[in-house]
Structures are given as C-alpha cells and as structure tokens.
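Throughout, read-outs are computed from the coordinates displayed, never taken from laboratory work. Given the structure is predicted, the values throughout are model-derived calculations rather than measurements. Every residue, glycine as well, gets a Cβ built from its backbone with ideal geometry; the counts of neighbours run over all protein chains shown.
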Amino acid sequence: MMLKPFSISTDIRNTMIGVAIGAATSVAVLSAPRLFVEGFAVSPVGGALFAAIPFLAGAMFVQSRRSRARLIAELDRHRETEERLSQAVHTDQLTGIANRFALERDLAAAGGQGEESYRGALLLLDLDRFKFVNDTMGHDAGDQLLVALSQRLSSMLQGMANVYRLGGDEFVVLLAGAPSEGKIEDVCALIKTLFAEPFELQSGRFWTCASIGVARAEDGDGSMSDMLKQADLALYRAKELPGSAHVYYCGEMAAEACRKLEIEHDLSRAIADGEFFLEYQPIVGIESRAVRSFEALIRWRHPEKGIIQPDLFISAAEKTGMILPIGSWVMRTACLEAARWPSPMGVAVNVAGDQFKDVAFVDHVKQCLAEAGLAPGRLTIEVTESIFSVDARTICDSLAELRAHGVRVALDDFGIGFSSINNLRRFPLDQLKVDRSFTKAMLANRRDAELVDIILQLGNTFQVSTTIEGIETEGQLEFVRALGASEAQGFLISRPVSAADVMGLLECDRLAAESRAV
C-alpha cells in the first residue's frame, strides 16, 4: 500500500516558522548577561513572558502571512478586473473585433516609439448600400452583414494588418511600420476581393461593394483624428467611383473640403437674403422645333463668389438639409413665373429625393399650383433614379398622388442608373429624359448610338415621351429625330435664359414658326 505524501497546511507551516522564530528570540534574549544580572529571566513574570514569546511570534507570523496572501489575492482580482474592463472598452460588442478606442490606443503606442519611426497607413472602409439593407431587410440583417464583413476582414488580413470597427458600417485597417505603396495596393486589392462573393444573410443573399479612403501618417501628424479626417476626405472621393474603389488622400482634398464648408455656411443665409434665382432652358418638339416647356434651373448669386452653378452647392444643400427650404422656394417661384406664360406652356422642376421624405411635400406642390393659378398639367416633376433608393413605397405613392392631381412626372438622366427598366415598371411616369452623356457620344460611338435607340424603344414600349438632353449640333438633332425622339433640349436650341427673357424667346419662337409655315 502506497503512503500518501504528508502535507502540511499553510497555516500550520507558518505557525511552526513563527514558533521557531520566537524560540530563537527567547534563547537570544536569555543569553544576554545583563538580564541575568538583574534576575529578570528567573522571575515568575519574566519566565512566563519568555515562555510565551514563541507562541506570540507564531501567531503574529501567521497573521502577517494571511494578510499578505489576502493582499496578493486582492491585487490579482484587481488586475483581472482591469483586464476584463480594458478588453470590453477596446472591443466592439457587435462584431467582437477592436473598436475606436483600441485604434486610438494602438496609434498612440505606435507614435510613442518616435515620430520618425512611425509612418503607417490607415484605410477607412465604408460599405455601399448599407442603409438600403437596414431600410429594406431590417436592422438584424444589417448587423449580420457587419459581423460577416468583420469576420472576412479579420481572417483575410490576419498577420498583415489590424482591423477595427469605428461604428455603423465604417471599418479601419491599420498598417503599421512604413508600408510601401505596393503593400497598400495589395491590401486594398485583398479587401476588394472580399466583396466578390455575396453575403449570406438570414433574409437572403446580398451583394455589395466598399469604398476605401487611404491616409498615410507622413501626410499629417500621425494622430488618429488627423488620419481619420484625411481618410474620410479620400473616402468621399472613392464613393464617387463605381464599384469597390480606393483613393489616396492628397492636400487638394482638404482645400476642397474648406470650400465646401464655406458654401454650407453661406447656404444658411442665401434664401433669407434672396440670393437664389431661376433660369429657364426651353424644351422643343423635335419635328416642329416649337417650344413646349421650360426646365427651371436654380442659380446662386453669391455676394463675393459671383454666380454659383447648382452642381457646386446642391450636394451641400442635401447634406445640410437646406435642400428642403431651397426646393420649396424653387417650386413656388417656378409655378408663379410659369403662370405668366401663355397656356399650355409648361415648366419642369427638379425634385431631390430628400424632398419626398417631407410628408407635406405633395400638399406643398398642390398649394404652389393653387397659389399661382397654374394648371397642374403645366407642371412636370423631374426626378432621377437615385431617389428610388430613399423609400420606394413613399416615392411611388407620392408620384401617383401627384399624377392623379394632373402633374406630369419625368425620369431625368435616364440610362445611367442601375435599375432603369425596373423603375419604368414600378413607378408612374410620363416622360424619359435621356442623359446628355449619351448625346455627346452617340455619333462617335456605335454602342452609345444603339443604347440611345434602345432607350427610345423602351419609351415607346412603356408609352412615355422621350426628351434628349444635351443637343448641341444639328447632326445630333437629326440623328435622334430619325430614331423617333419626341423632344430635345440643349445649347443648340437655347442656353438657359432669365425669367424676364422667357417672353422674348417665346415671341421669337412664334415668329420663327410663322416663317417656317410660309
């Protein structure tokens, strides 16, 4: 039979050590000659004291060791708690990857190695159509997409770069050291491959792309805020490109951002100060060349910058929410000015997607018509395919209500959207306006010419009229006339004119029609 190893508990061992120390102390004291001389050691009290010293020393030693053990245990618990809190603070709760705080920590740690030694790169990644997922499939599907993407990023870039989620659909890929442009290009290419396959969500498969803004520490101070600002400016440019794309930050982007910020600031006072005005470009029947209607085009007379074209401030107006008061002003002004024209001359007004989010939009259009005394059939609402990503049901209902009231609806810039035919099927339309990019290329490129022909055939199939934008030459006009287009618009017919000049243009048009008749 094997004997179990004899073990002594910690308390017994500490007591024995304390007793031994106490006994040694007693022996040392008793060996002092002076105490013997005084007779202290042989007195009853002294003897009792010397007898108790080993036991007192043992008890004190045990207590001190217990206190020390409790202190160590408490410190261990403290450390574990701090580690858990630190892990929670630096981890994204949805995806389980590092978060913004972890990015700030890692950048600070890398920068602490010396400014010259840290020249890393930060890639800011943003999903395309993420809002569409949340709006159409639900936020649970959006969360599933984020988790799936974080898993793909972490797996693909393991050992190459660190991955962080900032929030929403924004992710950061951090390349430490001094990565070459070639390495950055390789990482961007790898990220793009992650979107070559669809994401499997509970509600179905979903295809998407990503835009990437690239910032390098050498372009700034290397702080997180500085690099994120730079990457965000580059990301904004990348989102303007089709599909998954990446763009590097450059100094010109910051200057452009400052200009846009100035415009956003000035927009808030432009309406109150009456700085906006409308110009009108005529739309003619291709066979008769008679003016049928005008498209209202907004302009901004800035007190310092002069005339600003809409492509320079409309996006800023949409970003700041100023598009709602600006759009309301355009609608009212266009209706009031068109009411002065001879009937049935019409006016077309561009409407942004955000205007349809306003529940009072349809009523506002009706009110503008009534206030101006303009027949609803003389107003055309022009929309682009981009509005259908806002809220398809709301858009469809609003357009149907406007058409029921007598207002015409035109789909502008047709042919450059990703779902043109589907939109023709789903939404109530009266007119297609073919984008000017096709007009410019159709005589030089057979493919573009065939596309224009196909678009015109689609118009016939869905029984809507077609207007060709951007007509600048007689050759272009004759080409689309032969294809069967209904109307034309462009510099060949007329440049946009002021409201005061509309009547003069109409008079010239009348005289020209009489001359042609003769």
Two-site FRET efficiency, ASP226 against THR394, from Cβ-Cβ distance with R₀ of 41 Å, rounded to 0.05: 0.55
3J(HN,Hα) from dihedral phi, the range 500-514, Karplus parametrisation 6.51/-1.76/1.60, rounded to Hz, x for glycine, proline: 5, 8, 4, 5, x, 5, 5, 5, 4, 5, 5, 5, 5, 5, 5
The range 207-261 shape via C-alpha gyration tensor axes, a/c threshold 1.5: oblate
Overall dimensions of the range 375-477 by Cα: Rg and Dmax, Å: 14.2, 42
Cross-link reach list, lysines versus LYS366, counting only Cα pairs under 20 Å and skipping chain neighbours closer than eight places: LYS357
Cβ-defined net charge surrounding ALA392, 10 Å radius [Lys, Arg +1; Asp, Glu -1]: -1
For the range 313-364, the Rg and Dmax computed from alpha carbons only, in angstrom: 12.4, 37
Dipole axis of the range 221-339 (+1 Lys, Arg; -1 Asp, Glu on Cβ), positive-most option in LEU241, ALA317, CYS335: CYS335
Cβ-placed point charges (K, R +1; D, E -1), dipole of the range 152-276 about Cα centre in debye, nearest 20: 520
Potential lengthening between HIS78 and LYS239 on full extension [0.36 nm per residue; Cα-Cα distance subtracted]: 53.3 nm
Order by protection proxy (mean Cβ within 10 Å, highest first), peptides 296-303, 122-129, 484-491: 122-129, 484-491, 296-303
Shape of the range 241-325, Cα gyration tensor, a/c cut at 1.5: oblate
Potential lengthening between ALA444 and ARG292 on full extension [0.36 nm per residue; Cα-Cα distance subtracted]: 51.8 nm
Greater than 22 Å apart at Cα, pairs in LYS229/LYS260; LYS239/LYS260; LYS260/LYS319; LYS131/LYS183; LYS131/LYS433: LYS131/LYS183; LYS131/LYS433
Length gained when the stretch ALA257-SER67 is fully extended (0.36 nm per residue, less Cα-Cα span): 62.1 nm
Dipole magnitude of the range 295-369, debye to nearest 20 (Cβ charges: Lys/Arg +1, Asp/Glu -1, about Cα centre): 160
Listed residues ALA178, ALA217, LEU194: farthest to the positive end of the dipole of the range 170-222 (Cβ charges): LEU194
Cα-centred dipole magnitude for the range 263-305, charges only on beta-carbon of K, R (+1) and D, E (-1), debye, nearest 20: 200
Packing rank of 453-459, 495-501, 332-338, where each peptide gets the mean count of other beta carbons within 10 Å, highest leading: 332-338, 453-459, 495-501
